[in-house]
1. Working out 0.36 nm times the residue gap between Arg126 and Ile79, then minus their Cα-Cα distance, what length gain in nm do you get to one decimal?
2. Taking Cα pairs under 8 Å and at least six residues apart, what relative contact order does the stretch 50-186 come out at, in percent?
3. For Tyr88, Tyr103, which order do you get if you count the other beta carbons within 10 Å of each Cβ and list the fewest first?
4. Would you kindly derive the ³J(HN,Hα) couplings of the stretch 117-131 from the backbone phi angles with the Karplus curve 6.51 cos²θ - 1.76 cosθ + 1.60 (θ = phi - 60°), listing them in order in whole Hz, with x for Gly and Pro?
5. Could I have the simple spin-label model distance between Ala50 and Asn151, label points 7 Å from Cα toward Cβ, reported in nm to one decimal?
6. Each residue of the stretch 148-164 in turn: what ³J(HN,Hα) in whole Hz from Karplus with 6.51, -1.76, 1.60 and θ = phi - 60°, glycine and Pro shown as x?
7. In whole Hz, what ³J(HN,Hα) sequence does the stretch 40-45 give by Karplus (6.51, -1.76, 1.60; θ = phi - 60°), x for Gly and Pro?
8. Among 62-71, 149-158, how do they line up from the highest to the lowest mean number of other beta-carbon atoms within 10 Å?
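Nothing in this text is a laboratory measurement; each read-out follows from the coordinates by a stated rule. Just so it is clear, the structure is predicted and the values come from calculations on it, not from any experiment. FYI the Cβ positions are ideal-geometry reconstructions off the backbone, even for glycines, and counts take in every protein chain you see.
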Amino acid sequence: FLVDDRVSGQTGDVAPWDSWPSEAVGRIDLFAPVEPVEDDPAAAIVDSLADAVAFLHGSGANSGRTGLERWAEAFDSEIEIDRAGNAYTLQVLQAARLDGADYLGNLRDLFPQAASEINEAIDTVRALVTTLAPLVTLFPFPAGGHGNISNPGLREAAAAALRRAAGHQRDLAIAIAGVHKAIESE
């Protein structure tokens, strides 16, 4: 069968059934549906928006708004921050929010009755991304900005930017809750 995973570059993209399990790879569990599942696309969209609201609010200990606030606290402290990890996380955060804006744009086409709420959410994403942009420049991936991460003035600026981003994240959760309500009522 064909496979594509993190080790495909080393092992190839074909896995013969008679070679499983092997000592090198061990047992692999494959989970596949036994029968077709019919999902309601509108319900999936409504659920995705509810999940986004929960995440953006920071329902988990280090996610969403709460995660950004804790990140700012790390910059305020004397704790050592990993340059590459910080830079990578900034890139992922910005890319995820931009992908979210694209998703919302697609929803606008599907749910024109919620266009106003969706536009507000997209504008809030743009404000969040604009707030993060200087940090992405200050701490470029993969190098992480060399001495920038230990400069007290730059750490203070980074903490302030992350707190502003946390505020935008809170506003985004509220805006997406509005999109959720507008779409769910249809």
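1. 13.9 nm
2. On the way: 165 pairs, mean separation 53.6, N = 137.
Reported as a whole number, the value is 39 percent.
3. Going from least to most buried by this count: Tyr88, Tyr103.
4. With coefficients 6.51, -1.76 and 1.60, one gets 5, 5, 4, 4, 5, 4, 4, 5, 4, 4, 5, 5, 5, 5, 5 Hz.
5. 4.7
6. 4, 5, 9, 6, x, x, 6, 5, 4, 5, 5, 4, 5, 5, 5, 5, 5
7. 7, x, 5, 5, 5, 5
8. 62-71, 149-158
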